[in-house]
Amino acid sequence: MTKAGFQTRAVHGGEKPDPATGASAPNLAMSTTFALDEPAGFSINDFEGELPYIYTRWGNPTVRMLEAKLAALEEAQDCVAFASGMAATTALLLTALDAGDHLVISDVNYPGTAEFARGALTERGVVVTPVDTSDLAAVAAALRPETKMIWAETPANPILRLADVHAIAALAKRHGTLLAVDSTFATPAALRPIELGADFVVHSLTKYIGGHGDALGGAVLGATEALEPLRTRALVHLGGVLSPFNAWLIARGAATLPIRMKAHEQGALKVAAFLEAHPAVPRVNYPGLKSHPQHALAARQMDNFSGMLSFQAVGGEGLARRMAKELRTIHFAVSLGHHRSLIYWIATDAMMESSYRLTGEALGRYREFAGDGLFRLSVGLEDSEDICEDLDRVLGGKPGA
Ligand SMILES: Cc1ncc(COP(=O)(O)O)c(C=O)c1O
């Protein structure tokens, strides 16, 4: 399927008509266990290579169908799906890193990832160095002989700062270090980190790939051999497996990912331009805007600017409170990548407290994007005029108008 076009792979990847019934849509196999025609052992350690279906925590046909679709989209050899993006993230970090290993990680990323890296991973003896991954020299300077992995998130949540995946991958190769990229904001419609030299791609499937806000999921993609510890130790022993029902919903969403991403980008370009021209908005962060400090990298590295943007606005937290009550089209809610537009307020002090507690220059760089706080907007699939009208009403301070 990897030779077919991206849209064709999204529709057909991992799927085939049911050989017994001819059903064209994928079956949903909710069974937790599978009838065997001979004894097969009861420990994952009894098996090597491709596993037969035995127990859904070890593998399930509907989850496998989704994994094959995602691998086709990312042009990865293989994929392991998990119960959430965080389950995928922690599975990769816990299986790849042991006490004494060094992790260089983006100093701005999804706060759950940051909290885990600074908390449980550090307590486990992994040495964690947060670094500005938009600065290649800073990444190079942070590397040590014991650096086992570099972790980038691009575009980074919530400031939309980018990392040059090709350049970091080349650096990682020279240093003999693994590179993992959380590509949730980009999706394979915009960025395929493995093509650019990354070893692992991580996704929260809860966002664009599922696309409808009704199923949590996560995935790690990479080479089959490199994913082996994830399929066995992480999936079977840590047990954060994706429900087959969620896999089925997410696969249905993934089939329309390419056309949804085009529409998200189209809407976001219009909303970003509207916000940039608004007198109550001093700064908009959107890789598709010429004003983005890394617009040239975005244009080179990404096939689509995605639908995520963030902006500073006069009124800050007070405005956020008003938005929660007064927005009509946009939901004031966490999460992103859904067909509904979602907005959320992220105060800089709170972000720092829950992530890497940046100080000095690093905090200054964060504040360039975020000021004292920013609104993270996931532009949905509504008409962009309605999204802009909703924002204009609250930004213009005309409650109820
Ligand atoms: C970039 C990024 N990675 C990972 C996650 C975690 O995903 P999940 O909520 O599916 O666990 C999120 C959630 O917002 C995210 O934004």
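The values are calculated or read from the model by the stated rules, or taken from the named source; none is laboratory data. Note that the structure is a prediction, hence the values are computed from the model and not measured. Note that each Cβ is placed from the backbone with ideal geometry, even for glycine, and that neighbours are counted across all protein chains shown. SASA here: full protein model, heavy atoms, side chains in, ligands and nucleic acids out. Shrake-Rupley method; radii C 1.70, N 1.55, O 1.52, S 1.80 Å.
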Legend entry - Among beta bridges that DSSP assigns inside the chain, antiparallel share in %, nearest 5: 55 percent
Inset, instruction - Using R₀ = 22 Å, calculate the FRET efficiency as 1/(1 + (r/R₀)^6) where r is the Cβ-Cβ separation of residue 224 and residue 195; round to 0.05. - result: 0.85
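Looking at this model, which pairs from 262/290; 290/325; 262/325; 16/262; 16/69 are more than 21 angstrom apart at the alpha-carbon?
290/325; 262/325; 16/262
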Legend entry - Estimated 222 nm signal from helices in the chain, with DSSP H stretches of n ≥ 4 weighted -39500 (n - 2.57), rounded to 500: -10500 deg cm²/dmol
Legend entry - Taking the convex hull of Cα positions in the stretch 1-57, its mean projected area over all directions (nm²): 5.9 nm²
Legend entry - Counted charge near residue 135, where neighbours are those whose Cβ lies closer than 14 Å (Asp, Glu -1; Lys, Arg +1): -3
Inset, instruction - For the chain, find the longest principal axis of its Cα atoms and tell me its angle to the long axis of helix 165-175, 0 to 90°, nearest 10. - result: 60 degrees
Legend entry - Distant-in-sequence amide H partners of residue 283 (H built 1.01 Å from N, under 5 Å): 312
Inset, instruction - Can you check what the net charge comes to around residue 94, using other residues whose Cβ is under 9 Å from the Cβ of residue 94 (Lys, Arg +1; Asp, Glu -1)? - result: +2
Legend entry - Two-decimal Rg to Rh for the stretch 294-337 - Kirkwood Rh, Cα set: 1.11
Legend entry - Size of charge dipole - the stretch 6-254 - debye, nearest 20, with Cβ of Lys, Arg +1 and Asp, Glu -1, no other charges: 380 debye
Inset, instruction - Can you run the Rg to Rh ratio on the stretch 46-127? Use alpha carbon positions and the Kirkwood inverse-distance Rh. - result: 1.04
Inset, instruction - With r as the distance between the Cβ atoms of residue 46 and residue 291 and R0 = 60 Å, compute the FRET efficiency 1/(1 + (r/R0)^6) and round to 0.05. - result: 0.55
Inset, instruction - Compute the accessible area per residue over the chain, keeping the other protein chains in place, probe 1.4 Å, unit Å². - result: 41 Å²
Inset, instruction - Sequence neighbours fewer than 8 away in the same chain don't count; with that in mind, list the aspartates and glutamates whose C-alpha is under 15 Å from residue 148. - result: 98, 101, 199
Inset, instruction - Using the Kirkwood radius over Cα pairs, work out the Stokes-Einstein diffusion coefficient for the chain at 4 °C and 1.567 mPa s, in µm²/s as a whole number. - result: 60 µm²/s
Legend entry - Length released on extending from residue 367 to residue 20, taking residue separation times 0.36 nm less the Cα-Cα span: 119.0 nm
Legend entry - Accessible area of the chain belonging to carbon and sulfur atoms, whole % at 1.4 Å probe: 55 percent
Legend entry - Ratio Rg/Rh, restricted to the stretch 225-363 and using Cα atoms, in which Rh is the Kirkwood radius: 1.03
